[in-house]
1. Starting from the Cα-Cα distance between ARG167 and ASN74, subtract it from 0.36 nm times their residue separation and give me the gain in nm to one decimal.
2. So, counting K/R as plus one and D/E as minus one, what does the shell of residues with Cβ under 13 Å around PHE110 add up to?
3. Using +1 on the beta carbon of Lys and Arg, -1 on that of Asp and Glu, and nothing else charged, what's the dipole of the chain about the Cα centre, debye to 20?
4. Quick one: if you stick a label point 7 Å off each Cα along the C-beta vector at HIS51 and SER153, how many nm between them?
5. Starting from the coordinates of the alpha-carbon atoms of the chain, obtain the Kirkwood hydrodynamic radius over all distinct pairs and give the value in Å to one decimal.
6. Sorting HIS33, HIS28, HIS51 on the 10 Å Cβ count, fewest up front, what's the list?
7. So which lysines pass the test for LYS14, namely a Cα distance under 26 Å, with those fewer than 8 places away in the same chain ruled out?
8. Could you tell me which of GLY150, THR129, ILE46 has its Cα farthest along the dipole of the chain towards the positive end, charges placed at Cβ (Lys, Arg +1; Asp, Glu -1), taken about the Cα centre?
Amino acid sequence: MSCCASSAVSPQGKVIYAGTFDPFTRGHEDIVHRSARLFDRVIVAIAASEHKGPLFSLDERVAMGKMLFSGITNVEVIGFSNLLMDFAKAQGASAILRGLRAASDFEYEFQLAGMNRQLCPEMETVFLTPADQYMFISASMVREIARFGGDVSRFVDTRVAEQLRQRFAQKR
Ligand code: ADP
């Protein structure tokens, strides 16, 4: 039996862009915009990632994603805390989307795609690269800069920058 409910849909069907998004950066946003032009439906799937001790709760990250992508009709933002392949199957997705930055992402992403293929051979992993100016943005570095009161407005939406400022002000 096919492991993917959506195996009959076209490759352009439903894609799952999965990540922690703690917080969303302009790089993540760039990938969402590109994927929304390529796929019929994009699910931005926000992993609870409790083991990473995220700065923003799952509910806060989901609200952040909804705020950022409310204007794109074929993008939906959903939180999840189970195995990504199980979540993707339950959503009827045909592919997992990941973003690729500089070469440093490659080894991890290649391994992840391979493991996911073992779990669900019919679920493809597709990669998109962001525009050059977003290639070096990482959510963890954004958190570090914001922690010390630095200006992150080039790296994240202004509303996200404000949420970071407030979060670290609470912690001081
Ligand atoms: P994870 O914890 O799963 O790595 P992240 O939230 O850090 O989740 O990233 C989600 C996805 O977005 C990953 O595929 C990651 O490689 C990609 N990504 C992260 N930052 C960028 C960026 N600046 N440009 C493009 N893709 C990115």
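Readers should treat all values here as calculations from the given coordinates under stated rules, not as data from a laboratory. Model, not experiment: these values are computed from the prediction. Don't worry about glycine lacking a Cβ; one is built from the backbone with ideal geometry, like all the others, and counts go over all protein chains shown.
1. My answer for the length gained is 30.4 nm.
2. Within the 13 Å Cβ shell, the charges total -1.
3. 380 debye
4. Each label point lies 7 Å from its Cα, and together they span 3.8 nm.
5. The Cα-based Kirkwood calculation yields 16.6 Å.
6. HIS51, HIS33, HIS28
7. Here the lysines satisfying the reach criterion relative to LYS14 are LYS66, LYS89.
8. Farthest towards the positive pole: GLY150.
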